[in-house]
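First up is the structure itself, then whatever we jot down about it.
None of the figures in this text is laboratory data; all of them are computed from the coordinates on show. Small disclaimer: the values here were computed from a predicted structure and weren't measured. Glycine also receives a Cβ, built like all others from the backbone with ideal geometry; neighbour counts cover every protein chain displayed.
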Amino acid sequence: MATRMLPVRNPRTGQPDTEIEVADRAAVAAKAVRLRAGQRKWAAMPAQARVGVMGRWAQLIGGKYRQAIIDADSHDTGYCEISRIAPDMMLGIIGGLCATAPAQLQGALREGVARANPDVRYTTLLKPYGLVGIISPWNAPTMLSMLHAIPPLFAGCAVLLKPSEVTPRFTGPLFDSVREIPELAEVFDCILGDGETGQALIEEADYISFTGSVPNGRKVAAACGARMIPYDVELGGKDPLIVMQGADLDKAVSATIRGAISATGQVCFSIERIYVDAAIHDAFVEKLKARAQKIELNHPDPLGGHIGPFTGPHQAAIVAGHLEDAVSKGATIVEGGAPFKIDGGDYMRPTILTGVTHDMKIMREETFGPCMPVMAFTDIEEAIRLANDTDYGLSAAVIGPDEETAIAVGERIDAGKVSIQDTFLTFFGSEAKNDSFGYSGLPGLRPDLTRYVRKQALLINSGEPVCLTRQAVSAVDQAMG
């Protein structure tokens, strides 16, 4: 079969500047076989031994390969600010699991005596899934791929990563670092390609972790369901911010700008809907407008400014469509405007809209751009209702006159993580084992290693063979509850 190549576009120029060879089914299957062979030895290691290997890898990421990973990820994203901290975020994930992984796995083990029969005792084993497949997205490519790839390695699984074909460059230096750790290279690898490669990975894996759109997430879920293998999907958000009367407006505006435009708004937990008490709405919008006017594009200097190009023209087109829809239905753009091109790249100024309603796409569908639609509310019950009027439930934020008041509102919002008195805190508090709501995904972003292992129970009878008499069944019923 002829080799199939895919061009890869540079976000800053709009032109392809490299290409990748698409891994076909045979190539995916061959890597799966190799990784499974290595996984048996990896899983047999004590958890603390795997911690040691991952610690050695962390030293390479933080040292020899740090700048190379930053450069490759920046090339992929058009020099998004998240690219510059991607290795540090990896180090945070690895460091946290080095400290907690052995205890997490040990804590999942159970042993004891059956309440229904004292002659029967039980113990448990944890058996890691042989091969975990990671299908990662084009936004924040290093961070979002490693967020899902690193935990199963600690659990004892082999991992095969398929990054987005839009942003594959980061895998070069990343897997150069992996190959310097022989034990890790035996159980961690990547394949490049498009949707067909992803389908082939689903056919080979024992567990799939997918990050992407709702339509593609449904396809992944259906394919995993057909094979009866477990999976998790993280499918984006439409994250609301509630700003209450009495809030510090300067701090609220700073939090809003950061939460809405970081990484050009191309983050699943970006602030995409802003609800402000009617009593402070106009003052908030004026301060937000003044702050937005100070934001600079990272052009011509990719390391300057605050906001970079869209990763791809497809996303710029979606944002433009949301703006057109909102204006046609009565919204007003008070700052910014539609995406535009500079030297082939697709850029956009931070854009503020007022007069928005939930009849508009920009308040209902994931925009994924630096847009800040602001809607007034008259009482907090209306604000909570509007915040929960969504198909998504990834994260949210509440800024109130004080923590206690903001927390009381945050508790009533249907979202996996709620930032209080700030936005964009999802990067922090990784220890929190939260789930998502609605279409944002299953089972959510939580660093629980036990999802990557099967729990096996061994039941040992030291007495006579058990006879399930009516009395024994009754004893079981009582033991159960």
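How high is the relative contact order of the range 239-427? Use alpha-carbon pairs under 8 Å, at least six apart in sequence, and give a whole percent.
29 percent
Give the separation of the Cα centroids, the range 186-261 to the range 336-408, in Å.
The two parts, judged by their Cα centres, are 19 Å apart.
Once Lys and Arg get +1 and Asp and Glu get -1 on their Cβ, which of Gly336, His358, Ala116 lies farthest toward the positive end of the dipole of the chain?
Going by the Cα projections, it comes out as Ala116.
Roughly how big is the chain's charge dipole about its Cα centre, with Cβ charges of +1 (Lys, Arg) and -1 (Asp, Glu), in debye to the nearest 20?
Working: 46 positive and 57 negative charges, 327 e Å.
Dipole of the chain, to the nearest 20 debye: 1580 debye.
222 nm [θ] for the chain, helices only, -39500 (n - 2.57) per DSSP H run of 4+, per residue, to 500?
Values: 15 runs with 190 residues, N = 481.
Value at 222 nm, helices only, nearest 500: -12500 deg cm²/dmol.
Would you list, by chain and number, the lysines whose Cα falls below 30 Å from the Cα of Lys329, excluding same-chain residues fewer than 8 positions away?
Lys238, Lys287, Lys289, Lys294, Lys341, Lys361
Just going by the charge dipole of the chain, with Lys and Arg at +1 and Asp and Glu at -1 on Cβ, which of Ala200, Gly259, Ser74 is farthest out on the positive end?
Positive-most Cα among the choices belongs to Ala200.
Enumerate the calculated ³J(HN,Hα) couplings along the range 195-200 in order (Karplus 6.51 cos²θ - 1.76 cosθ + 1.60, θ = phi - 60°), each rounded to whole Hz, writing x wherever the residue is Gly or Pro.
x, 5, 5, x, 4, 5
Which one, Asn10, Gln39, Thr405, is farthest towards the positive end of the dipole of the chain when Lys and Arg carry +1 and Asp and Glu -1 on their Cβ?
Of the listed residues, the answer is Gln39.
Can you give the local net charge around Gly321? Use residues other than it whose beta-carbon is closer than 14 angstrom to its beta-carbon, Lys and Arg +1, Asp and Glu -1.
Value of the local net charge: -2.
Sort 306-315, 358-367 for me by packing, meaning the mean count of neighbouring Cβ atoms within 10 Å per residue, highest on top.
The packing order, highest mean first, is 306-315, 358-367.
Taking a ≥ b ≥ c as the square roots of the eigenvalues of the Cα gyration tensor of the chain, is the shape rounded (a/c under 1.5), prolate (a/b larger than b/c) or oblate?
Because a/c hits 1.5 or more and a/b fails to exceed b/c, the chain counts as oblate.
What ranking do 292-302, 73-83, 246-256 get when scored by the average of other Cβ atoms within 10 Å per residue, highest first?
Working: 292-302: 14.9, 73-83: 24.5, 246-256: 18.6.
Descending mean neighbour count gives 73-83, 246-256, 292-302.
What net charge is computed for the residues neighbouring Arg9, neighbours being all others with C-beta under 15 Å from the C-beta of Arg9, Lys and Arg scored +1, Asp and Glu -1?
Result for the local shell: -4.
Can you give me the relative contact order of the chain as a percent, contacts being Cα pairs under 8 Å and 6 or more apart? Mind showing how you got there, number by number?
On the way: 1018 pairs, mean separation 86.7, N = 481.
After rounding, I find 18 percent.
Could you calculate, for the range 239-427, the ratio of the Cα radius of gyration to the Kirkwood radius, expressed as Rg to Rh? Walk me through the intermediate numbers first.
Working: Rg = 15.5 Å, Rh = 16.3 Å.
Ratio of gyration radius to Kirkwood radius: 0.95.
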